[in-house]
Amino acid sequence: PPVPLLYRWLRDLKPHLAIINVVPYKDVVQGFLYTHRMNAEMFSILAGLGLILSTVGIFSVVSLTVSRRTREIGIRMAVGAERSDIGRWILGKALTSVAFGLVLGLGISLTLTGLLRGLLYGVAPNDPFTLVGGAVLLVAAALSAAYVPARRAAAVDPIKALRRF
């Protein structure tokens, strides 16, 4: 509705102007922000792939640790460790590594915020909500990845574990 009115107004004011393409301002802004939006989408996809890879890596490492320490887990259970203690122990080992990585990663990201400032639009590189949200997401992914191996470790039969080796 306002575009034809503006078009007529400009024609009356400056009849020699060639008005070829009338584009709403929001379309101009969207065109300007296209590369920023594409960068954000690309980084989001890469971050998602990184999260998937880290989850698979944590699952693999914890599973390998459980399979290699089956005898130790059997001994611990034979001397009185509860299944819940074994599960907490395995989860604690996994989360210790994740916590170390988080502290290191947050420190590096806060140090290098100046490099990211030009790539971000609408959010600060050291936005606490984003940093805490990312950390919580990574811890949740680590817990979900370590849960199955921890549950498998808690289900170890001490007699079978000691006979197997």
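The values are calculated or read from the model by the stated rules, or taken from the named source; none is laboratory data. The shown structure was predicted, so the numbers you read here are calculated from the model rather than taken from an experiment. Cβ: placed from backbone, ideal geometry, glycine included. Neighbour counts: every protein chain shown. Accessible surface is based on the protein model in full, side chains and every heavy atom, while ligands, DNA and RNA are left aside. Shrake-Rupley method; radii C 1.70, N 1.55, O 1.52, S 1.80 Å.
Does the range 50-59 contain any residue that is open to solvent by 100 Å² or more (accessible area, probe 1.4 Å) and either of a type in the set (Lys, Arg) or under 30 Å from residue 86 (Cα atoms) (or both)?
yes
Applying the selection to the range 144-165, what residues are part of a helix (DSSP H, G or I) and either buried (at least 16 other Cβ atoms within 10 Å of the Cβ) or in contact with a strand residue (DSSP E or B) (Cβ under 9 Å, 6 or more places away or on another chain) (or both)?
Listed by number, the residues that qualify are 145, 146, 147, 149, 150, 152, 153, 154, 158, 161.
Name the residues in the range 48-102 that are of a type outside the set (Lys, Arg) and farther than 29 Å from residue 137 by Cβ, would you?
Listed by number, the residues that qualify are 70, 72, 73, 74, 75, 77, 78, 79, 80, 81, 82.
Quick one: which residue in 95, 110 is modelled with pLDDT of 90 or more and either part of a helix (DSSP H, G or I) or more than 30 Å from residue 147 (Cα to Cα) (or both)?
95
When only residues in the range 15-34 that are without any contact (Cβ under 8 Å) to a residue 12 or more places away in the chain and open to solvent by less than 100 Å² (accessible area, probe 1.4 Å) count, which is farthest from residue 2 (Cα to Cα)?
So the residue we want is 31.
Taking the residues in the range 35-49 that are among the small types (Gly, Ala, Ser) and surrounded by 11 or more Cβ atoms within 10 Å (Cβ to Cβ) as candidates, determine which candidate is nearest to residue 148 (Cα to Cα).
Per the stated criteria, the residue is 47.
Does the range 83-91 contain any residue that is in a helix (DSSP H, G or I), exposed (fewer than 12 other Cβ atoms within 10 Å of the Cβ), in contact (Cβ under 8 Å) with a residue 40 or more places away in the chain and not basic (Lys, Arg)?
Yes, because at least one residue in the range 83-91 is in a helix (DSSP H, G or I), exposed (fewer than 12 other Cβ atoms within 10 Å of the Cβ), in contact (Cβ under 8 Å) with a residue 40 or more places away in the chain and not basic (Lys, Arg).
Filter the range 93-119 for residues that are open to solvent by 50 Å² or more (accessible area, probe 1.4 Å), closer than 30 Å to residue 35 by Cα and in contact (Cβ under 8 Å) with a residue 12 or more places away in the chain and give the result.
Listed by number, the residues that qualify are 106, 110, 119.
Hey, does the range 65-80 have a residue that's small (Gly, Ala, Ser), in contact (Cβ under 8 Å) with a residue 12 or more places away in the chain, within 29 Å of residue 135 (Cα to Cα) and surrounded by 10 or more Cβ atoms within 10 Å (Cβ to Cβ)?
No, the range 65-80 has no match at all.
Look at the range 56-91 and say how many of its residues are under 20 Å from residue 144 (Cα atoms), aliphatic (A, V, I, L, M) and in contact with a Pro (Cβ under 6 Å, 6 or more places away or on another chain).
Adding up the residues that qualify gives 2.
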